[in-house]
1. Determine which residues of the stretch 1-22 fall in the zone a paramagnetic label at Ile91 would reach in this model, i.e. backbone nitrogen under 19 Å from the point 7 Å along Cα→Cβ.
2. Given the Cα-Cα distance of Glu70 and Ser154 and 0.36 nm per residue of separation, how much length would full extension add, in nm?
3. Any idea how far apart Arg4 and Lys103 come out in nm if each label point goes 7 Å out from Cα toward Cβ?
4. Which of the residue pairs Lys161/Lys237; Lys52/Lys83; Lys45/Lys71; Lys74/Lys99; Lys83/Lys249 have a Cα-Cα distance greater than 29 Å in the structure shown?
5. Suppose each label sits 7 Å from its Cα in the direction of the beta carbon; what would the Arg256-Gln27 distance come out to in nanometres?
Amino acid sequence: MIKRKTPIQKEMLLLKKQEQRFLEHRQKQGDSRLNQFLEDKIPDKLQATLEKAFFSAFKLIFVKGVSLIEKTYKREELEKDFKIHDYANQIKSDRKSLKTMRKQAGSVGKWNTAASGAAGIGMGLIGVGIPDIPVFTGFLLRSIYQISLKYGYSYETEEEKKWILLLIQGATAYGEEQRRRDEAVDAFIENERALLGRSLGEIIEETAGILSRELLYMKFLQGIPIVGVVGGAFDLKYMKEITAYAELKYRKRYYRSFV
């Protein structure tokens with residue numbers, strides 16, 4: 001007799017398929033024709049400038065910006081929603097309650113994605129690229145913070161900040177590097193003490209380097225008036241990919257509590 005899968009087993013199977021689809025897409029991805037065309041046109045110092053801008057943005061938000069970001073959403077409501085859905089999952093243990101939590105967590109990043117894309121396009125129209133980075137970073141962390149609350153996790157502690165940075169690395173790297181970054185994300189899910197030996201500053205620097213390499217060509221384009229709309233529109237693409245990956249991994253982390 002074939003044993004029927006439990007609701008959580010069905011959801012975990014769906015998660016595995018979604019995760020595999022995302023990873024296959026990123027691991028097959030390489031430089032686009034546009035990137036190859038722009039390669040010899042990029043100023044030598046642009047990547048270093050981008051890396052410094054991302055490093056400064058993460059440090060500023062992690063140290064001083066969390067309270068400002070929290071003013072843009074109702075944290076208590078998100079925490080209450082989690083408690084209600086988590087209680088339903090523990091008591092009912094049906095797929096409907098798990099699906100509701102998944103869909104709500106997946107929807108929180110949509111407004112931030114649209115707003116970041118609009119800001120990026122607007123700045124591209126007037127030829128502004130580098131100053132867009134704090135805005136992009138703010139919207140990105142806002143999305144991840146909301147997803148974390150939807151699954152019952154905080155974001156204030158140093159270890160959680162490191163985890164968030166790992167998520168950004170795993171979502172933006174590609175090829176063999178992406179596989180390694182994803183393994184580091186899963187290692188944290190299995191053992192939350194996995195990052196104790198690494199400093200927050202080191203991981204911020206590492207994340208800034210990955211983002212600067214990935215966004216280098218688009219930020220170069222964004223600095224050219226009118227043409228920069230193309231580069232600015234990529235804010236939307238990267239925001240969507242990073243928040244989708246973050247939702248998958250927070251969901252995986254939450255589901256682990258059922259195993």
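1. Backbone N within reach: 7-8.
2. On the way: separation 84, 0.36 × 84 = 30.24 nm, distance 1.22 nm.
Full extension from Glu70 to Ser154 adds 29.0 nm.
3. A separation of 2.1 nm, rounded to one decimal place.
4. Lys52/Lys83; Lys45/Lys71
5. The modelled label-to-label distance comes out at 2.0 nm.
Taken together, the values in this text are just the output of simple stated rules run on the coordinates, not laboratory data. It should be emphasised that the depicted structure is a prediction, and the values quoted were computed from it without experimental measurement. Ideal geometry is used to build each Cβ from the backbone, glycine not excepted, and the neighbour counts take in all protein chains shown.
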